[in-house]
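Note sheet for the following structure.
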Amino acid sequence: MSKLGLARNNFISATNGKGRVQKRFAWVLLCLALIEQVHADEPWRIEKNQNGQQFIRVTDQAQLDSLLRDKWAAMIAALRNGDTAKASSYMVRGKQALYKKAFDNLPVSFEETSRHFGEIFWSKQYGPFVEYHGSKRSVVFQWERDNQWRIVFF
């Protein structure tokens, strides 16, 4: 039986007059199972080590690689089209305004700029970061707490 099914059964049995604490516990189990079900198709999991610290375990490197390369390509396409707001949305949240301003003030055309990016290749994953190397530059993606991967720098 799936974790979702098990949590649903626990919730149903706990609501048969067994007390408020059990109902709350069963509700928490059900919510956690639903969250896990929603994120089950993602190529990474958030886990805790023996010290209780969270870490990211990549479960499908090829799928995550495809997702991150698509984000890189989408950022370049947005920049090439002059959509600096969209291009900067692919950057980590704390640096989006900085990159938006930099993109808005590029001294050369967006087309010219986008030619300097090139293809990227998976190098390594460490903590919440995935590093790529390319013929023209390196790119680092970071997982953020809203469960999105964004570019830290390139």
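Just so it is clear, none of the values below were taken in a lab; they were calculated from the coordinates. Model, not experiment: these values are computed from the prediction. When we count neighbours, we look across all protein chains shown, and the Cβ atoms used for this are built from the backbone with ideal geometry, even at glycine.
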(request) Considering only segment 111-125, state which residues are in contact with a Lys or Arg (Cβ under 7 Å, 6 or more places away or on another chain), under 15 Å from Ala78 (Cα atoms) and not small (Gly, Ala, Ser). (result) Glu111, His116, Phe117
(request) Could you check, for segment 61-81, whether at least one of its residues is part of a strand (DSSP E or B) and within 21 Å of the chain's Cα centre (by Cα)? (result) no
(message) Can you find a residue that is closer than 20 Å to Arg69 by Cα, small (Gly, Ala, Ser) and surrounded by fewer than 17 Cβ atoms within 10 Å (Cβ to Cβ) anywhere in segment 95-108?
(response) no
(request) Filter segment 82-95 down to residues that are closer than 30 Å to Arg45 by Cβ, in a helix (DSSP H, G or I) and in contact with a Leu (Cβ under 9 Å, 6 or more places away or on another chain), then give me how many there are. (result) 3
(message) So, in segment 96-154, how many residues would count as being in a loop (DSSP other than H, G, I, E, B), within 22 Å of Arg57 (Cα to Cα) and of a type outside the set (Gly, Ala, Ser)?
(response) 4
